[in-house]
Amino acid sequence: MKYSSCFAKTFKTPPSDSDSANAKFLVQAGFVDQTMAGVYTWLPFGLAVLRKVEQIVREEMNALGALEIMMPSLQPKEFWEATNRWDTVDILFKLHSQTDKEYALGASHEEIVTPLALKFLKSYKDLPFATYQINTKFRDELRAKSGVLRGREFRMKDMYSFHTSQEDLSAFYQKTLEAYVRAYNRCGLNVKVVEASGGIFTKNPSHEFQALTPAGEDVILACGKCEFGQNSEVATLKEGDACPKCGGVLSTVKGIEVGNIFDLGTKYSDAFDLNFVDENGDRKRVLMGCYGIGTSRLVGSIVEANHDDRGMIWPKSVAPFQVHLITLNSKDETVRENIMGTADDLVRDLEAQGIEVLWDDREDVAPGAKFADADLIGAPLRILISEKSLKEESVEWKERISAEGRLVKFVDVVEEIGEFVKV
């Protein structure tokens with residue numbers, strides 16, 4: 001991809017009202033555009049990151065045996081009345097139709113997935129099963145803030161599981177917990193699993209996942225060796241205590257909540273009379289679990305955990321492209337053509353191997369501005385081709401996480417990049 005052909009480019013200064021690193025850098029780098037408070041347009045670079053994050057989550061859910069669906073965002077009032085949540089969920093967007101009917105915009109989808117299961121679920125032979133979607137959610141947040149971390153419209157993966165027994169639900173719950181940790185690790189985050197209250201969803205036990213970052217909103221006690229953690233507000237342990245899971249030392253750190261899982265019990269199956277017939281012909285309530293990851297929030301969390309004062313530092317697994325190629329002009333026309341031709345060949349060779357490249361081919365931009373943009377955008381690897389590097393028959397290689405660069409010969413660069421981008 002040539003940068004000169006991208007309509008969404010960087011800004012010299014961050015937005016004046018940015019209150020977090022992701023709000024600052026995602027907008028300044030041209031990854032998202034704020035339409036209004038809590039609502040964003042995802043531009044090409046940002047959408048590329050979001051899609052990679054969602055694909056990692058999708059792969060982990062598929063590995064659990066869950067099947068993907070897509071449920072409607074427009075939901076009938078009567079479903080929310082059946083669960084007694086129409087008047088109790090204060091973040092619910094409500095619509096009054098010209099047909100005089102009332103609807104909700106999906107803040108969550110228990111009210112849709114439970115009656116859906118009712119249509120297909122008859123006996124114990126139909127259980128267990130799990131289904132999920134990656135879709136847009138709407139919540140009337142009183143104070144949308146922190147960029148894409150807390151929005152009124154956002155992307156979420158929500159999965160729902162259905163079971164005949166508490167033992168079966170608990171086993172799947174644990175498998176999902178482990179899948180979540182894998183997904184976050186693949187996205188380049190260090191997460192802790194924290195016991196939490198069920199909030200508006202259930203009074204049963206639940207867990208939240210906290211991505212460790214100094215910019216976090218929550219203070220947690222976290223183990224230095226394993227994923228165990230406790231929110232400091234409800235902690236039964238204190239700093240310096242031994243981790244009850246592995247014996248490591250607990251310390252106080254900050255984190256951003258990046259997901260929740262809930263044991264719903266029979267809360268929603270009670271509301272919709274969702275039953276199954278067991279082996280003895282007896283009717284019993286279906287047990288349910290709910291598992292959510294805010295995927296757009298996850299993108300913001302990755303930025304909060306991976307940046308410096310110059311810009312974002314994307315993990316290889318979710319970077320919008322692995323290589324940021326910069327070409328510098330020469331006053332000599334022949335040399336300039338050689339630079340551009342060398343860059344064109346390199347891009348073609350890399351893309352033939354499935355390696356994503358952003359080529360900053362702009363001719364009217366100073367080198368310093370190109371380097372600043374590369375740091376702001378935050379691709380894992382910057383490659384420079386200039387008159388100086390041509391004389392060495394090399395490119396200048398600089399990784400985003402490194403202060404220093406080095407020369408790599410033309411004959412070796414494609415192979416070395418191929419090794420570098422492996423996740």
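Just the residues that are touching a residue at least 12 places away in the same chain (Cβ under 8 Å), farther than 21 Å from A48 by Cβ and either of a type outside the set (F, W, Y) or crowded, with 23+ Cβ neighbours inside 10 Å (or both), please, taken from segment 350-371. Step through it out loud before you land on a result.
In the first step, residues of segment 350-371 are kept if they are touching a residue at least 12 places away in the same chain (Cβ under 8 Å); the result is 350, 353, 355-363, 367, 370-371.
Applying the additional criterion that residues be farther than 21 Å from A48 by Cβ yields 363, 367, 371.
Hits for segment 350-371 are E363, P367.
Give the residues of segment 384-407 that are closer than 17 Å to A374 by Cβ, crowded, with 18+ Cβ neighbours inside 10 Å and without any contact (Cβ under 8 Å) to a residue 24 or more places away in the chain, sorted by residue number.
Correct list: S389, E396, W397, K398.
Looking only at strands (runs of 3 or more DSSP E) that fall completely inside segment 380-423, which ones have 3 or more residues that are basic (K, R) and closer than 12 Å to T342 by Cα? Steps first, answer last, please.
Values: elements: 381-385, 394-399, 406-409.
Ranges flagged: none.
Can we say Y184 is of a type in the set (F, W, Y), under 19 Å from the mean Cα position of the chain (by Cα) and modelled with pLDDT of 95 or more? Step through it out loud before you land on a result.
Values: of a type in the set (F, W, Y): yes; under 19 Å from the mean Cα position of the chain (by Cα): yes; modelled with pLDDT of 95 or more: yes.
For Y184, the condition - of a type in the set (F, W, Y), under 19 Å from the mean Cα position of the chain (by Cα) and modelled with pLDDT of 95 or more - is met.
If I filter segment 16-32 for residues that are part of a strand (DSSP E or B) and under 18 Å from A144 (Cα atoms), do I get at least one hit? Step through it out loud before you land on a result.
Step one: filter segment 16-32 for residues part of a strand (DSSP E or B), giving 32.
If we keep only those that are under 18 Å from A144 (Cα atoms) too, we end up with 32.
For segment 16-32, residues part of a strand (DSSP E or B) and under 18 Å from A144 (Cα atoms): present.
Just to be sure, is T213 crowded, with 21+ Cβ neighbours inside 10 Å, of a type in the set (S, T, N, Q), at negative phi and in contact with a helix residue (DSSP H, G or I) (Cβ under 8 Å, 6 or more places away or on another chain)?
Details: crowded, with 21+ Cβ neighbours inside 10 Å: yes; of a type in the set (S, T, N, Q): yes; at negative phi: yes; in contact with a helix residue (DSSP H, G or I) (Cβ under 8 Å, 6 or more places away or on another chain): yes.
In short, yes.
Inside segment 68-178, counting only strands (runs of 3 or more DSSP E) that do not spill past its ends, which hold 2 or more residues that are crowded, with 21+ Cβ neighbours inside 10 Å, of a type in the set (A, V, I, L, M) and assigned by TED's automatic domain parsing to the domain that holds Q34? Reasoning before the result, please.
Values: elements: 74-76, 93-96, 102-105, 129-138, 153-163.
Output list reads 153-163.
Suppose we filter E239, E233, E208 for residues that are of a type in the set (D, E), within 25 Å of the chain's Cα centre (by Cα) and in the same structural domain as R150 (by TED's automatic domain parsing); which single one remains?
Sole residue among the options that is of a type in the set (D, E), within 25 Å of the chain's Cα centre (by Cα) and in the same structural domain as R150 (by TED's automatic domain parsing): E208.
Give me the pairs, please: first residue somewhere in segment 99-117 and among the β-branched types (V, I, T), second residue anywhere and modelled with pLDDT of 95 or more and in a helix (DSSP H, G or I), beta-carbon distance under 8 Å, and either six or more positions apart or on two chains.
I112/F79; T114/Y268; T114/S269; T114/A271; T114/F272
The values are calculated or read from the model by the stated rules, or taken from the named source; none is laboratory data. Note that the structure is predicted; figures quoted are calculated from it, not measured. Virtual Cβ from ideal backbone geometry, glycine too; neighbours counted across all protein chains shown.
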